[in-house]
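In what follows, a single structure is set out as structure tokens and then discussed.
The values are calculated or read from the model by the stated rules, or taken from the named source; none is laboratory data. It should be emphasised that the depicted structure is a prediction, and the values quoted were computed from it without experimental measurement. In this analysis, Cβ positions are derived from the backbone assuming ideal geometry, glycine residues included, and neighbour counts consider all displayed protein chains. Only protein heavy atoms, including side chains, enter the accessible area calculation; ligands, DNA and RNA are left aside. Shrake-Rupley method; radii C 1.70, N 1.55, O 1.52, S 1.80 Å.
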Amino acid sequence: TSLSYLGRGTHVWLIQEYKDGELCGPKMIMKTAWRTLHRTTESDIYGSIQGKHPGLAEFLDGRDVYMPHSGGERISVYGLRGYKPNEHDTERYLHRVIIKTVGRPLWEYTSDLELVQAIRAVVLGGLASSVFVSQF
């Protein structure tokens, strides 16, 4: 078990569409992480949330990442190293999530009221998501 905040091999990127040699469209967030088959995917959790809440990010898309031209082989740790998956089924697969909403860092608040509202949204969003996740 990883004791780090984001887990092992997790990367979060600010992304934007690249078209005709230029960045265009809204900025979004892409999170890439490794997961086991035993766990519900982050994209399945986000995709199952109905409605909106100011403390929750808005989900766009997400899924496991597949090897190009492989005929459907997911990118895995063992696959990248040239091994067959082990018999304990603890293989890790690469998973990506795209989030439509990009917030501001908490430390960029402009008033005490804005800071309190942001903290409240985080707490309420966390409560809303924990109620949902507990149903899995």
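So here's what we get for this one:
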| quantity | calculated |
| --- | --- |
| Among the residues listed as Thr90, Thr36, Thr40, the single one being out of contact with any strand residue (DSSP E or B) (no Cβ under 7 Å at 6 or more places or on another chain) and among the β-branched types (Val, Ile, Thr) | Thr40 |
| Region 75-117, subset in contact (Cβ under 8 Å) with a residue 40 or more places away in the chain and farther than 21 Å from Val12 by Cβ, residue least open to solvent (accessible area, probe 1.4 Å) | Glu91 |
| Restricting region 33-48 to residues that are aliphatic (A, V, I, L, M) and under 14 Å from the mean Cα position of the chain (by Cα), the residue that is least open to solvent (accessible area, probe 1.4 Å) | Ala33 |
| Flag if Val116 is modelled with pLDDT of 75 or more and assigned to a helix (DSSP H, G or I) | yes |
| Given (1) open to solvent by 50 Å² or more (accessible area, probe 1.4 Å); (2) out of contact with any helix residue (DSSP H, G or I) (no Cβ under 9 Å at 6 or more places or on another chain); (3) within 16 Å of Trp34 (Cβ to Cβ), index of the condition Gly72 fails | (3) |
| Single residue of region 22-33 satisfying the filter (in contact with a strand residue (DSSP E or B) (Cβ under 7 Å, 6 or more places away or on another chain) and in contact (Cβ under 8 Å) with a residue 40 or more places away in the chain) that is farthest from Glu91 (Cα to Cα) | Lys27 |
